[in-house]
1. When the residues of region 545-579 are narrowed to those that are within 15 Å of ligand 1 (Cβ to nearest atom) and acidic (D, E), which ends up modelled with the highest pLDDT?
2. Out of G25, G15, G30, I need the residue that is more than 16 Å from S91 (Cα to Cα), at pLDDT below 85 and either assigned by TED's automatic domain parsing to the domain that holds P76 or part of a strand (DSSP E or B) (or both). Which one?
3. Where residues in region 612-651 are closer than 18 Å to L675 by Cα and charged (D, E, K, R), which of them is surrounded by the most Cβ atoms within 10 Å (Cβ to Cβ)?
4. Tell me which residues, restricted to region 209-256, are assigned to a loop (DSSP other than H, G, I, E, B), more than 14 Å from ligand 1 (Cβ to nearest atom) and among the polar types (S, T, N, Q).
5. Do we find that E277 is exposed (fewer than 15 other Cβ atoms within 10 Å of the Cβ) and more than 16 Å from ligand 2 (Cβ to nearest atom) in this structure?
6. Mind checking which helices (runs of 4 or more DSSP H) fall wholly inside region 318-413 and carry at least 3 residues that are not assigned by TED's automatic domain parsing to the domain that holds H272?
7. Considering only region 478-514, state which residues are touching a strand residue (DSSP E or B) at 6+ places or on another chain (Cβ under 8 Å) and within 16 Å of ligand 2 (Cβ to nearest atom).
8. Right, V160: part of a helix (DSSP H, G or I) and either surrounded by 18 or more Cβ atoms within 10 Å (Cβ to Cβ) or at pLDDT below 85 (or both) or not?
Amino acid sequence: MYCTVVTSSKSPGIGNGLTYEVTQGKLVPGQSVRVPLRSRLVDGIVLAVSEAKAESEYDMKQVAEILGNQPLLTQPTLETARWIAKYYCCSLRSALGVWLPPAPWTNALPKSVIGYSKAIAGDALLRSKKQQAILEVMHGKEWVSRQQLLHESGASASVVQTLVKKGMLREERRVEDTLTQATSEHRSRLKAIPILSPSQEEVYVSMKNDARPSLLFGITASGKTEIYARMIVDTVRAGKQAILLLPEILLTEHFIERFQELLSADSIAVIHSHLSEVQRREEWRKIRRGDVSLVIGSRSALFSPLPDIGLIILDEEHEWTYKNEQTPRYHARETAEKLCQFSKAKLVLGSATPSLESWARAKAGLYHLARLPTRYREQPLPTVRLVDLADVEFGNNYPLSPTLIEAIRERLNRKEQSVLFLNRRGVASALLCLQCRRRVICPESQLPYTIHHSQSGKPYLLDHTTGMMADVPATCPHCGSVRLHSIGAGTQRVEILLGRLFPTARIIRADSDTMQHPDDMRTLLSRMRKNEADILLGTQSVVKGLDLPEVTLAAVLVADVGLSLPHFRAGERIFQLLTQLTGRSGRSKPGEVIIQTFRPEAPEIAAAAKHETEKFLENELKMRIYGGYPPASIIVRLISRGDDAEKHAKKAYAQAISAGLKLRNETKVTVAPTLFGGGKVWHVLLRGADPQSLLSSIDLKELTVDVDPVETV
Ligand code: ADP
Ligand code: ZN
């Protein structure tokens, strides 16, 4: 028997595995082994086994030891890892790495532990109460671990020793069986079943009866969480496990609260980056053993080693945080689709503003489309007012317009709550021309500069991608106007401003400086719900997604996040943000939304103000098809970094062009490469029907490959 093994050693060139011979015992894929590598023995994971030896193999080494009697990784996991390596162009070791607990992997294996078996049948001999308690625990069992024996009998180790000396127990080391959870036990974890409204019930049934991935297109506050809950309950009943992915770990609080009403607390695991290595390994073992029925977490929770996955849900599936920006550069949505396919599990993608990718797939019939077009209890959507920032006399109150100040004051008088969105934390902002409405751009990167202040307080411009600095110009470089304005004030500045305008208001600031841990979110939610705060001021990544019933005003201070960015997703992002904003207001009583913007006429802003999601998606999809952008094409980004970044990028660009020409002649597939960058970061973009086909002709040694990139494209 032969096997392919990926080792824990990071030596170059062996990331896709080595072949070993198995002379003793039987192996299955996913199992852990110890194998010789040069002069050492290293841990590894078996990827595949075969009876036949490949022709080219010579001088093959043998597996030194098979570790444990069960695979560390399941078959669907291995298949998905293979897919990740292929699709995202990384080594199998990188792809497997996301699934494995922190090294050494052997720590995650079922451990061999000391336990006892009965040596003499019949227990007529005299013995003490403690000794009797021990024998009672042993009754009817062939073997019991020492830990369990001491715990259940309440006896001390010396009593056990006495029984061993008397020859009544035999000490024996065994590997604990880790996969012994019975289906019936899973059912006992259920505490309640969510009651759905008739329209929710209809959607739930349609999703349940369709094997395809379901795109749950439900407006904000339509009750998507309840539908998820219902499907999770079904999964647990069937003795399987579910994963719920969220775009932002701070949002888990809301879901944990809800799901603890449905499932016993110890059958829910929350996976986030604040776990220590020991905790992560502990959670990994717990999940692998089948002790957990529901895993909640951000994108990496997708790689939880559940023994039998029945359901994966991505809430807010359109969020860009589902893309991993380090190798392996996977997207959790596409990866979840593959994992569901290999596990025969159901995939649910939920959003009030579906991604263009999912929308196109639903339109093509690849996904099942489930619509939930009304809020729970027919609660109306909030009314929306647009404020044109270029027309406002701010005085000293930028970015708070008189309209917005008045609206906040009304809420304070009525003892209702307001939520204010900002795009940036801290004090950073960009420079905008109020005449031509373009931002001052860095010539190197073609991206907007950010305004910073030197220690002496003098302002200057900085481009974060290239590190280029410049003086603040007196006139607009595009049109010569002197009406240059710094936009996008940060949270700290606005907090001070609000304090000045409303001295008695209780304000909570929520940004990545004040919200570091999920516990901070717990405090925030409880303060808002107990009406201990009047104004919640936060960056969008922190505030979106919250379910706060007392909020009747939601406002975005400067909506134009992506304004003039050379980014084909800018319109989509703004639309999503504004729709999220409308989702925060009026969830249980009539609410209002104020959008402050420099471009009230922009299609994405107008559509969001009118709650016209489907129309926006359809128009945007047409534009993507027309422009040849995803999802109408695929983009592969090659990133080159370091002192020779430009040289490597230009070489790759030239190779891409000649390969692209050849490809066009041979297969009629067009791929257009573009080159941009500056300083120590350069990019080559390959865009077309099959840009991956070019990669074999490009020297990738000095480059990072990013398939389906979401940033700076
Ligand atoms: P979404 O995730 O679609 O924005 P939520 O699931 O947060 O919406 O639901 C909005 C509000 O309506 C929540 O407060 C939720 O508790 C309530 N709700 C929705 N559906 C139900 C239901 N079937 N039973 C009870 N409450 C519900
Ligand atoms: Zn101008």
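The values are calculated or read from the model by the stated rules, or taken from the named source; none is laboratory data. Everything numeric in this text was worked out from a predicted model, so none of it was measured. Methodologically, a virtual Cβ is constructed for each residue, glycine included, from the backbone with ideal geometry; neighbour enumeration extends over all protein chains shown.
1. E550
2. Details: G15 fails: more than 16 Å from S91 (Cα to Cα); G30 fails: at pLDDT below 85.
From the options G25, G15, G30, the qualifying one is G25.
3. R637
4. N209, the sole residue that qualifies.
5. On the way: exposed (fewer than 15 other Cβ atoms within 10 Å of the Cβ): yes; more than 16 Å from ligand 2 (Cβ to nearest atom): yes.
Judged against the criteria, E277 is a match.
6. Numbers: elements: 332-343, 356-363, 402-413.
Of the helices (runs of 4 or more DSSP H) lying wholly inside region 318-413, those with at least 3 residues that are not assigned by TED's automatic domain parsing to the domain that holds H272 span 402-413.
7. If the condition is that a residue be touching a strand residue (DSSP E or B) at 6+ places or on another chain (Cβ under 8 Å) and within 16 Å of ligand 2 (Cβ to nearest atom), then H478, C479, S481, R483, L484, H485, S486, I487 are the ones that fit.
8. Numbers: part of a helix (DSSP H, G or I): yes; either surrounded by 18 or more Cβ atoms within 10 Å (Cβ to Cβ) or at pLDDT below 85 (or both): yes.
So V160 passes the test.
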